[in-house]
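Structure first, commentary second.
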Amino acid sequence: MTKLETVIQPAKFDAVKDALIEIGVEGMTVSEVRGHGRQKGHTEFYRGREYTVDLLPKVKIEMVLPDQIVDRAIQAITSAARTGKIGDGKIFLTRIDEAIRIRNDDRGENAL
Amino acid sequence: MRLLRRLTPFLFMLPLAGTLAAQATQPDRIAQLQQQIADAKSSADNAWMLVCSALVLLMTGPGLALFYGGLVRKKNVLATMMQSFAMMALITVLWAVIGYSLCFASGNNFIGGIEHAFLHNVGAAPDGDYAATIPQQTFMIYQLMFAIITPALICGAFAERMKFSAMLLFMVLWSLLVYAPMAHMVWGKGGLLNASLGGRFPTLDFAGGTVVHITSGVSALICALFLGRRVGFPKEPMPPHSVVLSFIGACLLWVGWFGFNAGSALNSGSLATSAFVATHFAAATAAIGWAVAEWIRNGKPSVLGAISGSVAGLVAITPAAGFVGPMPALLIGLIAGVFCYTMVAMVKARLGYDDSLDAFGVHGAGGTIGALLTGVFAASAVNPIFKDAQGHVLPSGMIDGNFRQLGNQAMGVLIAIVLAAVGTYVILQLVNLVLGVRVSAEDEVQGLDLTQHGEEGYYWEASMP
């Protein structure tokens with residue numbers, strides 16, 4: 001099992017979600033987050049005072065997937081979320097040791 | 001039948017009696033008609049003035065409460081709105097007890113007497129010196145709304161850091177020691193600066209450029225200096241938490257200002273129309289002035305800039321509204337928009353004081369420029385305020401050829417500045433001694449909503465049922 005932590009532009013969330021469901025992803029956890037990578041923020045002016053906003057709104061999707069669909073999921077995300085400009089986001093992969101379904105104690109990939 | 005028989009001898013006299021009666025009642029009839037006309041005019045004026053009173057209250061709540069509430073950080077939104085709302089309650093009581101009397105009862109050059117304390121003799125009968133066609137009670141409630149918004153304006157300077165209790169005490173003392181004398185001097189019977197009732201330095205202030213905006217703006221600056229900067233200012237970013245709220249507030253202020261300025265005609269005649277038009281025109285050009293200045297300097301015209309500009313224009317036209325024509329109003333607004341932008345965006349940054357919501361930059365600066373420009377553009381054709389002993393109309397402002405008026409305006413401005421600055425400083429010292437004016441640093445970081453009122457403005461936890 002592999003956990004995918006994906007950070008994307010908020011505007012691309014629907015496209016990414018649809019692409020993931022298309023390839024058979026059954027569950028995900030989504031949060032609205034703020035952050036930045038190499039992309040620099042922007043400046044705002046309020047009554048002449050300049051504010052640098054360097055943490056920008058992003059959407060983070062967390063999923064734990066069976067290993068055989070990870071590559072397809074990565075492809076689905078990158079093709080749906082890519083604009084080619086700085087700030088498109090990142091995907092982080094982690095190995096997962098175990099998963100447990102609280103309802104009936106299913107374990108491993110059965111619990112996903 | 002008996003009655004008829006007894007009356008018969010007189011019946012032949014009836015036509016004659018009719019003629020006699022007609023002759024006798026002609027003057028009565030005219031007097032009666034005149035009375036009816038006067039009553040109708042009174043009713044019309046009274047209806048208009050009651051609507052205006054409500055409009056001016058609308059400026060404080062929700063207008064100013066929203067305007068200021070949106071500009072602070074979200075942990076202080078309720079506390080900021082509460083400051084405006086508290087004025088609506090507190091100053092009302094103070095006004096009933098003594099405030100109205102100190103402003104408008106006969107007194108000396110500087111302050112009114114106590115003859116109207118507890119609203120004694122303030123009833124349906126008009127006070128001819130102020131407004132001959134409306135009940136004095138209407139005049140009283142209309143003026144109260146000005147006394148409410150004026151201290152509420154100051155709250156912009158000490159936003160996000162003043163103790164609620166200290167604010168209440170400060171405002172009570174300020175209303176008595178700064179507002180009441182200033183209002184009496186400019187508008188009260190025997191006032192030093194009263195232009196229509198023969199003051200020594202007749203200052204033209206139609207709706208409160210000196211009384212409302214210079215006093216509150218200058219007091220705001222003193223408050224900002226006395227309390228010091230907010231924790232983290234200017235390093236930490238403190239952007240407005242909701243320009244949307246401020247936008248709604250500013251639009252309500254614009255609407256309410258028609259009551260403020262056009263209502264200051266104290267009747268529903270053509271002078272009210274003239275003031276209404278001038279008010280609207282100045283707000284428009286000031287919004288353009290501020291936004292364009294920003295567009296040139298920062299590359300974008302901001303929404304906050306446009307609405308701040310409109311308020312600056314409304315402030316500047318306040319003293320001039322009933323004295324200037326529409327074209328000078330356009331010009332006054334434009335000047336005020338650019339001038340206040342400069343004060344807020346450049347001068348404040350240079351000097352480094354933390355006038356959090358720019359009460360001084362908008363009301364102090366806008367009020368001063370407006371009061372002085374009133375001396376330039378006041379026209380006797382709009383409002384024949386000055387007359388000689390024979391009743392001939394004298395020139396009003398510089399545009400009419402009365403060059404002395406600018407000096408009188410400057411005198412009014414100077415007195416307002418000195419009274420506000422000294423009064424505010426003394427009151428702050430006193431309040432600081434008794435209660436302490438500022439919340440603790442921890443409370444300030446946590447936010448005034450929680451620490452002063454035990455509430456939060458927004459309770460939007462997603463996990464809460």
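Every number here is computed from the coordinates shown, using simple stated rules; none is lab data. None of these values were measured; they are calculated from a predicted model. Heads up, the Cβs are rebuilt from the backbone with ideal geometry, glycines too, and the neighbour counts pull from every protein chain shown.
Once the convex hull of all Cα atoms in the protein assembly as shown is built, its volume per residue stands at 276 Å³.
Given a Förster distance of 41 angstrom, what is the FRET efficiency for A:Glu44 paired with B:Glu115, based on the Cβ-Cβ distance and rounded to 0.05? Computed FRET efficiency for A:Glu44 and B:Glu115 comes out at 0.15.
Based on the Kirkwood radius over alpha-carbon pairs, what is the Stokes-Einstein translational diffusion coefficient of region B:352-393 at 25 °C with 0.890 mPa s viscosity, in µm²/s? Once the numbers are plugged in, D ends up at 190 µm²/s.
Cα centroids of region A:29-77 and region B:196-225: how far apart, whole angstrom? Between the Cα centres of region A:29-77 and region B:196-225 lies a distance of 52 Å. The angle separating the long axis of helix B:164-174 from the principal Cα axis of greatest extent in chain B is about 50 degrees.
Against chain B, whose longest principal axis is taken from its Cα atoms, helix B:215-227 shows a tilt of about 20°.
Take every Cα pair under 8 Å whose residues are at least 6 apart in sequence, average their separation, divide by the length of region B:240-299, and the relative contact order is 24 percent.
Counting only alpha carbon atoms, the long axis of helix B:404-434 and the longest principal axis of chain B meet at about 60°. If you add up the charges near B:Ser440, with Lys and Arg at +1 and Asp and Glu at -1, over every other residue whose beta carbon is less than 12 angstrom from its beta carbon, what do you get? Around B:Ser440, the charge tally is 0. From the Kirkwood radius over Cα pairs of chain B, Stokes-Einstein at 20 °C and 1.002 mPa s returns a whole-number translational diffusion coefficient of 92 µm²/s. Calculated mean residue ellipticity, 222 nm, chain B: -19500 deg cm²/dmol, from DSSP H runs (n ≥ 4) at -39500 (n - 2.57) each, averaged per residue and rounded to 500. Placing a pseudo-label 7 Å from each Cα along the Cα-to-Cβ vector at B:Val303 and B:Arg200 gives an inter-label distance of 5.2 nm. Can you check what the net charge comes to around B:Ala293, using other residues whose Cβ is under 14 Å from the Cβ of B:Ala293 (Lys, Arg +1; Asp, Glu -1)? Net charge in that neighbourhood comes out at +2.
Projecting the alpha carbon convex hull of chain A along each direction and taking the average yields 8.7 nm². When the listed pairs A:Lys17/B:Lys300; B:Lys74/B:Lys348; A:Lys60/B:Lys235 are checked against a 27 Å cut-off, the alpha-carbon distance exceeds it for A:Lys17/B:Lys300; A:Lys60/B:Lys235. Legend: calculated FRET efficiency, B:Asp28 to B:Ala124, from the Cβ-Cβ distance at R0 = 25 Å, rounded to 0.05, equals 0.55. Setting aside same-chain residues fewer than 8 positions from B:Lys75, which aspartates and glutamates have a Cα under 12 Å from its Cα? The qualifying aspartates and glutamates are B:Glu160, B:Asp443, B:Glu444, B:Asp449, B:Glu455, B:Glu456. With a simple spin-label model that places each label point 7 Å from the Cα along the Cα-to-Cβ direction, the separation between B:Leu435 and B:Ala89 comes to 1.3 nm.
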